[in-house]
Every structure is written in C-alpha cells, then in structure tokens.
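Every read-out reported here was derived from the displayed coordinates using simple, explicitly stated rules and does not represent laboratory data. Only a predicted model underlies this, so the values are computations on that prediction, with no experimental measurement involved. Methodologically, a virtual Cβ is constructed for each residue, glycine included, from the backbone with ideal geometry; neighbour enumeration extends over all protein chains shown.
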Ligand code: 3H9
C-alpha cells in the first residue's frame, strides 16, 4: 500500500489509516491511497466492514491547498468518495482533531461517522473563497437540512462533536480510545445488520419556495464582495431541487468558477500569509523562548481592560493595575459587562464569566506585578507618562520579565531607553476593541532580544491574535499607511468630492466603512488632537487641509454630539449637511483650490495608491519584512477586504507599472511632493515585477 495510506485488518474489519502530516491533507498520494485501500477491503472476502482513521493530530483537514491552481493529478476526490459511498461493505469514519472541507466530505461519503468528544467538523472552504467541491454541498443538506447546512458552510463554522451529533452529522461519540470504539461500532453495525447508509440516497427536507432568495438577501450586505457564500447558496439550492447526480454536476461547475476567481486566489494567499507572518525572517528557529505563566496590564481603561480579557480568555492569570481605586473599579465593571454581553448571546456560560473574571486580579500597587512574566503598559498616549511607567516597571519587575508598550504612535526605543533592560522591551500594539480585533502589531525595538520577539510572537497566537512583527517608525505599518489615505481623502473633499462619495467608493471597494463615516463614529476630536500634536511637534504637511478641524472647532465631534461631518437625526442615521458643504467650499476658496466634479476612479486611486507607495517605503526601510506582513495587518486591523488579498497583493494584481503611471499623471496635476513613487515601487514596476516577486 502507499506510504501515506495503510490498509490493515483487525479480524473482519479492514482498517484504513491515513498518515500525511501535518494535517492529513488530501494530496494526490492520499487520494490514490484511499481509493486503493477501499478497493483492497472490497476485494478481501474476510473483510466485512471498514474503519477510516488518521494518525497524528487530526482527521483529514481538507484538500491539499498547496495543489490548488496547479493541474489536477488523478484521481480527483469525487470518484474516490463515490467508490467509498457505493461500497457494499459499511465504512465508518473515525474522527479526532478536525474533519474539515474535503476531510468531512470523505467522512460524509462513509456510511457512518463516529468521533471523540473533542473533535470538530466543518466545511470552511468559504474562507478560501471556495465551496465544498467533493459532494459536501449535496450530502450535508441531506443529513441536516438546507438551512443548517447553509449556516455551517456560509460561516465556515468548526462544529464541536456534541453539536454535530445533535445535528445528525455524527452517529456516535466515542469516549476513550477512538480506534477501539470505532471497531466496536463497526462490529455492532454488522451484528445489527444495519447495512450501508448512503447520504446521497436521502432526500433533502423540503424548504419554503422563497427560502433561498431570503437566505441570500439575509447575507447580501454583510458578505458583499465575496463570491463563495452566494455560490454555496446556489449549490445547496441545486441539492434541494435536483437529483443527486445533477446536483453534483452543478456543484462541480460552481466550484470551478470559484477556483479560477480572483477572490479565491486572494483568499488562499491570505490563508498562507496568516501562517507565514508567524515565521520571522532572520530569527533563529531554535531560540529558547521565555515562559509566560502570568501577565500584568498597566491601565484599566478601555484598552487595558480589553487586553486583560485576552489573557483571561486564554486561561493566563493577569494582574490589572490602575492608580486609583475608582478607575480600577470602573475598568473592571466594563470588563464584566463585556463578558456578560457575550454570555447573554449564549457564547459563554455564567460559570465561564466568573472563571475569567477570577483570572483578572485588580490592584493599585506596583509591588503586585513584580512576578509577572509579561507586563503590557496601556496608559495615556504621552511620552512622559509612558517613560514614568517604564521607570517604575524597571524598578519592580523581576529580571527576565518582558516589558511591552501598547503605544500606537510613540518611539519604542525612546521608551526602552529609560530602563536598564532595553533588550526586554517591545511594542505590542493592540487594536480597539482589544478583546475583539485579531491584529497585534509587535514592534521590535533596536535592542529587543531575539527570545523576547520569539516569545511575544508565540504569545500572540496563544491569546488568539495574529501577531505581525514590525519595526519602529511613526505610526508603525498600519497607521503610517492610513495617514496617506486620510490625507488624500481630505484633499479630495476640498477639491470637490463629497465626503459621502468617498465613503461610498471605499465601501464599494470592500471596506466595512468609509473614512468619514468612520471618523464621525470614532469622534472627530480624536483625529483633531493627533493633528494638533503633530503640528506642535513641527510635523507640518506641505498642503494642510483644515476643513475637518474647523468642523471640530464648531463643537461638532461626530455621532456622539449629534453632528460631525454629517448631522445625525436619531443619533445614528447620517444626513449630509448643507452648512458643512458651504464650510468646505469656503475652505477651498481660502486655500485657492477650484472645486470640480471628481470621478470614482480618481478617488479610489488617490486613496489607495499612496498607501501602496508607503508600503513600498516600509519594505525598503525594513519596517515590515515582507509584503505579506503588510497585507495581514491591513486585512485584520483595518478591514481591507480579504477577497482582494491586502493592499500589496492587490497592487500586484493592478500591475505596479500602472500605479507608477498614475503617479506620473497625478504629479503633473498636483506636483511631485505627494506624487513621487518610492524607489522600490519604481524599480519593481520597471522590471515588470510585483511586491510578491521580492
Ligand atoms: C477543500 O477541502 C476543498 C474541497 O471541498 C474540494 C476538493 C475537490 N492543505 O493552521 P496550522 C498546513 S479546501 C495544505 O498552523 P493548526 C498549514 O499551512 C480545504 N496545507 O495548524 C501549516 O503549514 P506550515 C478545506 C495545510 O493546528 C500546517 O498545515 N480545509 C492545510 O493551528 C499547520 O497548520 C480547510 O480550510 C491544507 N488543507 O490548525 C482547513 N491545512 O506549518 C484549513 C493546514 O508549513 N486548515 N495546512 O505553516 C485549518 O483550518 C488549520 O490548519 C487546522 C489546524 C484547523 C486544520
């Protein structure tokens, strides 16, 4: 038999074992091996039933994504599953770890499914811009109904075993040894003469005539821009309305369409990039990491409380320090409220809430954090305040503790310089709300030690974040690029574009919200203070667009004051305000800018190309090691649509030479100051290359 699939016999039961680490993906040798193993079992008169089980950490976790985009090597998965399902001898899938995608489709092609209680099953192809293409869209609705099947496939949920059993995906849960339990189950099937149960032969429970149209309408806004969820609905509709064989043909066609789509290509890139960011170039793989058994957070504001929650969620005890008792109590109350909100949605039990709150230890005394393995400072964003905190940390923390700052703008090296141990200091820039947002920009200082970096990258994953390593500069990667977009958006408005027009262009591009709607929601005073600080620090823009600042000076701070760039009738619904249009026109006149009608394409290019250009500078300076680091930051921290792969991946699709050509056009129109391409961008464009060719 093949190296990755073994066939053995335990009495009258044939045992097929897949061994293809790390996740038993269905590469060509596995598909061929499965096919051969099933045929061996069928041909062997002594075999009456079979068990399919996997070695290693998990059941089959899906098709081998690395084979996608290449010509398919036979056999493809569908006929292999057909052979299994068509077998006259019962086959039992024995699941541990995760049965995902093609893995679950293989299991659905088996006649019975058993699993250990810790297992999870799902069809998460949607996250790769695909649909289950080996019968999943046809068999799952036959087992659990169209609606549940759609929920599962459209959300890509990993369903816990107990729930999967309730739904009807699993036949039985096995306590104790899986193989022993699965063999016993197979023997019972034989003894009770239960025969083969083929999912494909069952009907799909009927649904209302308008069910699919309603389902689509229900996800249309939230999942706009993604192709796969809508194709999944079409495939399940085929399952509900066509004979199985016809449904399979429809599934195959829809799968192929997705496989060759730009959306799926981008999402597959994101899948691997999210795993690649953890592998820091130049960092020795064998560097011994520091042990993190406890944490402390300085500052119990919104940010500090959110950060502490991440540790409690991961089961790591965390001390939360605030200088005065009232602020500490307020912070804790917010944390509790957040947990209770989650519990009220059924995602945590009351006991979970208490357990997590129990892991957060409040204090007003620095002495209580002396033994913490990692300390994250989340106090007011001011250099003097931060330095004061770090002097104290240096005095009280045990040797070897990691001292992290959550600064989003300040120089990590300067903060580190007030300590006697700059090698232990690093930035951990969480995004708000810190308990929800997955991105963590880990900022390496000039002197940060390798083992501190490695430990913090591992810790990021442990607390459920995607940690991306960046270097010290103004705004790090995310905010530095965002600054470019904000500036051009302000200019565009001054030149005659309406704020809501710009919002719509970026919303239609795939961002969850446009920059001005976002600014009104976050509070215009926030940006105002940042700009004031920048001006005070002598960071003056060559062209200074003041219209938003004038809005703030009128006392209009956004949604929270009932008016900002827009007016808010009922507190939330924006209404464009003629008074603001006049204010903008007046600002334009004062700045000597002639207003004109501006097209959507110009808006898109002027908002996004400077971000790409800044990304090129960030790469040149080594602030980010790879284009993929930048892409993952923008997708997870700023809502860049995953189906476009991130700004740098997107730029490669546009073609860097086209971006440079646009830069030249805009330089003629507006001058070279803001429109000089970065040397790296220019070089790659002239060589016909992209950022991903670096
Ligand atoms: C599909 O099945 C299509 C079918 O419907 C149709 C067929 C016709 N292939 O995530 P980890 C690698 S689409 C190749 O860090 P964890 C991964 O890159 C597929 N490689 O571990 C990494 O490599 P490296 C549907 C894969 O324990 C290593 O394995 N299935 C695949 O945190 C460890 O991964 C899915 O979408 C793969 N399918 O999580 C499931 N999966 O070490 C995708 C993983 O070199 N996978 N690798 O960086 C997952 O969700 C997680 O990997 C899993 C394990 C939960 C399984």
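Please report, in Å, the Rg and the Dmax of the range 124-219, where both are computed over Cα atoms only.
According to the Cα coordinates of the range 124-219, Rg and Dmax are 16.0, 49 Å.
Helix 146-155 versus the longest principal axis of the chain: what angle, 0 to 90°, nearest 10, using Cα atoms?
50
Test of understanding: ordering 356, 347, 268, 202 by Cβ neighbours within 10 Å, fewest first, what list do you get?
347, 202, 268, 356
Using only the alpha-carbon atoms, what does the range 495-576 span along each of its principal axes? Please give whole angstrom values in decreasing order.
Largest to smallest, the principal-axis extents are 37, 28, 22 Å.
With 10 Å bins from zero, work out the P(r) of the chain over every alpha carbon pair and list the percent per bin.
Histogramming the chain at 10 Å steps yields 3, 13, 20, 22, 20, 13, 6, 2, 0, 0 percent.
Under the rule of -39500 (n - 2.57) per DSSP H run of 4 or more residues, summed and divided by the residues of the chain, what mean residue ellipticity at 222 nm is obtained, to the nearest 500 deg cm²/dmol?
On the way: 28 runs with 334 residues, N = 694.
Rounded to the nearest 500, it is -15000 deg cm²/dmol.
Compute the acute angle (0 to 90°) between the alpha-carbon long axis of helix 244-259 and the principal axis of greatest extent of the alpha-carbon atoms of the chain; round to the nearest 10°.
In the chain, helix 244-259 runs at an angle near 30 degrees to the longest axis.
Please give the peptides 92-103, 23-34 ranked by average Cβ packing (other Cβ atoms within 10 Å per residue), highest first, as a rough proxy for protection. Intermediate values should be presented prior to the final figure.
Working: 92-103: 27.3, 23-34: 22.1.
My ranking of the peptides, most packed first, is 92-103, 23-34.
How far apart, in nanometres, would the label points at residue 540 and residue 333 be if each is projected 7 angstrom from Cα along the Cα-to-Cβ direction?
Between residue 540 and residue 333, the label points sit 4.6 nm apart.
Given axes a ≥ b ≥ c from the Cα gyration tensor, I'd like to know whether the range 64-121 is rounded (a/c under 1.5), prolate (a/b larger than b/c) or oblate.
On the way: a/c = 3.95, a/b = 1.26, b/c = 3.12.
Oblate is the answer for the range 64-121, as a/c is 1.5 or above yet b/c matches or exceeds a/b.
Which residues in the range 403-436 have a backbone N closer than 18 Å to a point placed 7 Å from the Cα of residue 288 along the Cα-to-Cβ line?
Residues 424 fall inside that zone.
Separation between the residue 417 and residue 590 pseudo-spin-labels, each 7 Å from Cα along Cα→Cβ, expressed in nm?
3.8
Using only Cα atoms, tell me the angle between helix 178-191 and the longest principal axis of the chain; keep it within 0 to 90° and round to the nearest 10.
40
Let me know the shape class of the range 313-352, please: from the alpha-carbon gyration tensor, a ≥ b ≥ c as square roots of the eigenvalues, rounded when a/c is under 1.5, otherwise prolate if a/b is greater than b/c, or oblate. Each step should come with its number before you reach the end.
Values: a/c = 3.91, a/b = 1.69, b/c = 2.31.
It comes out oblate by the Cα gyration axes.
Taking 0.36 nm per intervening residue step and subtracting the Cα-Cα distance, what contour gain separates residue 276 from residue 694 on full extension? List each step's numbers first, then the result.
On the way: separation 418, 0.36 × 418 = 150.48 nm, distance 1.52 nm.
Here the answer is 149.0 nm.
Taking R0 as 22 Å, what FRET efficiency do you get between residue 504 and residue 673 from their Cβ-Cβ distance, rounded to the nearest 0.05?
On the way: r = 28 Å, r/R0 = 1.27.
Here the calculated transfer efficiency is 0.20.
Provide 248, 259 in ascending order of the number of other Cβ atoms located within 10 Å of each residue's Cβ, fewest first. If you can, show how the numbers build up before the last one.
Details: 248 23, 259 18.
Exposure proxy ranking, most exposed first: 259, 248.
Apply the a/c threshold of 1.5 to the C-alpha gyration tensor of the range 350-481 and tell me whether it is rounded, prolate or oblate. Don't skip to the answer; put the middle values down first.
Details: a/c = 1.56, a/b = 1.14, b/c = 1.37.
Oblate.
Please work out the FRET efficiency for the pair residue 28 and residue 260, using the Cβ-Cβ distance as r and a Förster radius of 25 Å; give the result to the nearest 0.05. Kindly include the intermediate steps, with their values, before the conclusion.
Working: r = 20 Å, r/R0 = 0.80.
That pair, residue 28 with residue 260, gives E of 0.80.
How are the Cα pair distances of the range 160-266 distributed, in percent, across 10 Å bins from 0?
Spelled out bin by bin, the range 160-266 gives 12, 27, 30, 22, 10, 0 percent.
Show me 155-162, 462-469, 107-114, 586-593 ranked by packing, highest mean number of other Cβ atoms within 10 Å first.
Numbers: 155-162: 17.8, 462-469: 21.5, 107-114: 26.4, 586-593: 13.5.
Sorting 155-162, 462-469, 107-114, 586-593 by mean packing, highest first, produces 107-114, 462-469, 155-162, 586-593.
Show me the ranking of peptides 479-486, 41-48, 4-11 by mean Cβ neighbours inside 10 Å, starting with the highest. Walk me through the numbers on the way to the answer.
Numbers: 479-486: 20.5, 41-48: 14.8, 4-11: 16.4.
Highest-to-lowest ranking by the protection proxy: 479-486, 4-11, 41-48.
Extension gain residue 73-residue 209, at 0.36 nm per residue separation less the Cα-Cα distance, in nm? Each step should come with its number before you reach the end.
Working: separation 136, 0.36 × 136 = 48.96 nm, distance 4.03 nm.
Here the answer is 44.9 nm.
Rank the residues 387, 253, 542 as a footprinting-exposure proxy: fewest other Cβ atoms within 10 Å of their Cβ go first.
Numbers: 387 17, 253 13, 542 7.
Final ranking by Cβ density, sparse to dense: 542, 253, 387.
To the nearest 0.05, what FRET efficiency results for residue 600 and residue 353 with a Förster distance of 45 Å applied to their C-beta separation? Each step should come with its number before you reach the end.
Values: r = 47 Å, r/R0 = 1.04.
After rounding to 0.05, the efficiency reads 0.45.
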